Amino acid sequence: MVPYNKDKPIQPVFSQWAGGGGLNAAVVLHQGGNATFTNLDEIRGKIVIRCSKSVDVSSIAVKLEGESRTRLMSPGGVNGEKPRPQLEYHKILYRVQTVFPPPDMAEGRGSKAAYTIPAGEHEYPFRFKIPFNNSCASDRSQVAAGISISGSGLELTKPPSHHVKKTLPPTLSGFPGEAEIRYYVKATVQRNSWWQENTRTQTPFTFLPLEPPRPPPTGSEVYARQNHAFNVVETGPEPTRSWMKGRLGAKKEPAAVQATSEAPVVSVDARLPEPALLTCNQEIPLRIIVKRFSGCSHVIYLQSLQISLVALTKIRAHDAHRTEATSWIIMSKSSMGVVIGSQADAAGAEAVIDDRLWRGVTLPNTVAPSFETCNIARSYQLDIKVGLSYPAGVSEVRNEDIPQGGWQRVKAHFLRYGS
């Protein structure tokens, strides 16, 4: 579970006061504004009602809600139809608790009964226990169509047709107007008269799911591999130039670039223990191995190294799909000139790059864990860029620069919690 800082005094969090007509309401969370909740945690608080005069109400209800919203533009039709916004909405968490009237007072009275709250300030405590899995797949009352208002006008939210039952996803932001996952504690004071507007207030909170049980280590490794052949720059004779072209500062023709049998051929492996699990606030259990395929006598140098964490967020809104990529540079070094292996290494020799280059560098603690919910999924990969050189030329192994074969990123499951 997410550890709370119990050494500091907890300050209750008030939502903004809402209401009118002599009645105002606010939600107060006892855990404080910086608290982060996880599965099976208990959220405690109270609803504070302030009345400038006595008012009649039907009930006061508190709701624990989580919602996952996506909005994407649909592809254009084959007959020239214009793209239209597609909205998908899932109520992934929904719990309701009536804090007023109490059961003994409401017993024997109808749902339209009125209860008088005198002037003054009144408090109604509540508590919820956060479940483990989402509930939208089983709660059909939460999948009705609705209308949303945006800058382009009214937009219809169709009932979703796809649900998954998984662990509740974490709070997610960073894609404004496109995708978000939010959690709230909401309160509704239902007025007795139809001409009086109900008072509503809410306060958001941050949710991060429990880490699932870790599978036992297998002793093997997952890896991404890229083969690479160096090019040799051979300087040929200087081209003949006229006196006038020399005066005008004509540039020399570039020297011919051709591969020779003496150029090194190597492969670079990036390896993680299987299963590949990354944890925030902890180091990356990465191994980088360089293997020679040719037995040339040249020394190979490690010139640059960059390790990035890449988040792939798959967003779906009915028939529209999109994948957003976000990256964080974990470490980056250049102009190192570190010798890899030995000049006498034969073909097939492997050299492990010293992990002290990235040891002590931890993963960021502000990143959401891997998850999958009905319309949003998050996965992670490691992107490793290795720059190698040898005395006769320079080459950089980069996934975007070598399309043949494709330098594959190392896929990993990212866990939010760390010691």
Give just the number: which of (1) at pLDDT below 95; (2) out of contact with any Cys (no Cβ under 6 Å at 6 or more places or on another chain); (3) surrounded by 19 or more Cβ atoms within 10 Å (Cβ to Cβ) does Leu23 not satisfy? (2)
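Residues checked against (1) modelled with pLDDT under 85; (2) assigned by TED's automatic domain parsing to the domain that holds Arg191; (3) of a type in the set (Gly, Ala, Ser):
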position: Gly66; (1), (2), (3): no, yes, yes
position: Gly80; (1), (2), (3): yes, yes, yes
position: Ile92; (1), (2), (3): no, yes, no
position: Pro102; (1), (2), (3): no, yes, no
position: Arg109; (1), (2), (3): yes, yes, no
position: Ile130; (1), (2), (3): no, yes, no
position: Cys136; (1), (2), (3): yes, yes, no
What number of residues within the stretch 356-375 satisfy the criterion of being surrounded by 14 or more Cβ atoms within 10 Å (Cβ to Cβ), closer than 17 Å to Ser304 by Cβ and of a type outside the set (Phe, Trp, Tyr)? 1
Taking first residues from the stretch 34-58 that are farther than 30 Å from Asn192 by Cα and in the same structural domain as Arg95 (by TED's automatic domain parsing) and second residues anywhere that are charged (D, E, K, R) and assigned to a strand (DSSP E or B), the pairs with Cβ under 7 Å that are 6 or more apart or on different chains are Leu40/Lys129; Glu42/Arg127; Glu42/Lys129
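Checking the structure you have, find out if any residue of the stretch 102-116 is among the polar types (S, T, N, Q), under 26 Å from Val164 (Cα atoms) and not in a loop (DSSP other than H, G, I, E, B). Explain how you work it out, then say what you get.
To start, the set of residues in the stretch 102-116 that are among the polar types (S, T, N, Q) comprises 111, 116.
Still in the list and also under 26 Å from Val164 (Cα atoms): none.
No; the residues of the stretch 102-116 include none that is among the polar types (S, T, N, Q), under 26 Å from Val164 (Cα atoms) and not in a loop (DSSP other than H, G, I, E, B).
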Could you tell me how many of the residues in the stretch 214-247 are modelled with pLDDT under 80 and of a type in the set (Asp, Glu)? 2
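Condition check ((1) in contact (Cβ under 8 Å) with a residue 24 or more places away in the chain; (2) within 30 Å of Ser74 (Cα to Cα)) across all residues:
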residue	(1), (2)
Gln282	yes, no
Leu286	yes, no
Phe293	yes, no
Arg316	yes, yes
Thr323	no, yes
Condition check: outside the structural domain of Lys166 (by TED's automatic domain parsing), modelled with pLDDT of 85 or more and surrounded by fewer than 17 Cβ atoms within 10 Å (Cβ to Cβ). Does Val386 satisfy that? no
Can you find even one residue in the stretch 288-300 that is surrounded by 12 or more Cβ atoms within 10 Å (Cβ to Cβ) and small (Gly, Ala, Ser)? yes
Strands (runs of 3 or more DSSP E) enclosed by the stretch 164-212 - at least 3 residues per element that are surrounded by 18 or more Cβ atoms within 10 Å (Cβ to Cβ): 179-191, 199-207
Test of understanding: among Glu197, Glu211, which residue is modelled with pLDDT under 90 and under 30 Å from Ala270 (Cα atoms)? Glu211
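The values are calculated or read from the model by the stated rules, or taken from the named source; none is laboratory data. No experiment lies behind these values; they were computed from the predicted model shown. No Cβ is skipped: glycine too gets one built from the backbone with ideal geometry, and neighbour counts run over all protein chains shown.
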